[in-house]
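The values are calculated or read from the model by the stated rules, or taken from the named source; none is laboratory data. Please read these numbers as outputs of a predicted model, since none were measured by experiment. When we count neighbours, we look across all protein chains shown, and the Cβ atoms used for this are built from the backbone with ideal geometry, even at glycine. For accessibility, only protein heavy atoms count, side chains too; no ligands or nucleic acids. Shrake-Rupley method; radii C 1.70, N 1.55, O 1.52, S 1.80 Å.
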Amino acid sequence: MSVQTQTPRRRTRRQEILDIAVQLFATRGYHGVSMDDIGAAAGVTGPALYHHFAGKEAMLAAALTPVSEQLLAGGRERVAAHEADPGAALDALVTFHVDFALANPAVITLHLHELDRLPEEPRRQIRRLQRQYVEEWVSVLTSCRPELVDTEARVLAHAAFGLMNSTPFAGSELPAERHAELLRDATKAALRGGGR
């Protein structure tokens, strides 16, 4: 029996440019970066850069919209996989989001500080995706803790995101797995609550 190995997909030039733009936006702020800065960092001339993106707003939308879609899809997938066990679903959501947050601190920085730079339509689309993602958490939390009403679960979900999305500000002194473990444990403790 032969085993087929899957070759990792090579990143496109467009994706490489977008990754560079995301890093620049995250470190210098959206208004602190020009298209010329992005082109210089990517080794691309102005006309070639505009072949890939109409401008900075298009880059920001291209960075943030797919992330929100992926979070929602990943959240739904984990909830569905543990439909009969809300506690396992909550653990899976926490692990999923912590892994995402540790792998994508620059994207989290953009979400926190630059989302309002987008034109109205992509911003509304991203907000809608984010609300749907939050509702996945609310559904699981109210299943785990029937004493919670939806509005209370929503407060806890947003507090959990604050914990998990702290990765851009935490530094890198700890090994990644220990960092992940601390974030997972703190988030689960916050969500599960103690005796009141």
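Scanning segment 52-78 for residues that are in contact with a Pro (Cβ under 7 Å, 6 or more places away or on another chain), of a type outside the set (Ser, Thr, Tyr) and farther than 13 Å from residue 19 by Cα yields a single hit, 57. The conditions of being at negative phi and not in a helix (DSSP H, G or I) are not met by residue 63. Across segment 111-126, the qualifying residues are those that are under 13 Å from residue 66 (Cα atoms) and touching a residue at least 12 places away in the same chain (Cβ under 8 Å), and the one among them that is most open to solvent (accessible area, probe 1.4 Å) is 125. Here residue 136 passes the criteria (1) within 28 Å of residue 21 (Cβ to Cβ); (2) modelled with pLDDT of 90 or more except the one numbered (1).
Evaluate segment 166-179: report whether one residue or more is within 25 Å of residue 110 (Cβ to Cβ), crowded, with 17+ Cβ neighbours inside 10 Å and charged (D, E, K, R). For segment 166-179, residues within 25 Å of residue 110 (Cβ to Cβ), crowded, with 17+ Cβ neighbours inside 10 Å and charged (D, E, K, R): absent. Just so you know, in segment 70-95 the residues that are surrounded by 15 or more Cβ atoms within 10 Å (Cβ to Cβ) and within 10 Å of the chain's Cα centre (by Cα) include one that is farthest from residue 179 (Cα to Cα), and it is 72. Taken as a whole, the structure leaves residue 151 outside the set of residues that are among the hydroxyl-bearing types (Ser, Thr, Tyr), open to solvent by 30 Å² or more (accessible area, probe 1.4 Å) and under 22 Å from residue 73 (Cα atoms). The listed residues are 92, 189, and the only one of them that is without any contact (Cβ under 8 Å) to a residue 24 or more places away in the chain and closer than 18 Å to residue 78 by Cα turns out to be 92.
Residues that are surrounded by fewer than 19 Cβ atoms within 10 Å (Cβ to Cβ) and among the polar types (S, T, N, Q) within segment 24-69 comprise 27, 34, 45, 65, listed in sequence order. Taken together, 58, 54 contain a single residue that is over 30 Å from residue 139 (Cβ atoms), without any contact (Cβ under 8 Å) to a residue 12 or more places away in the chain and not in a helix (DSSP H, G or I), which is 54.
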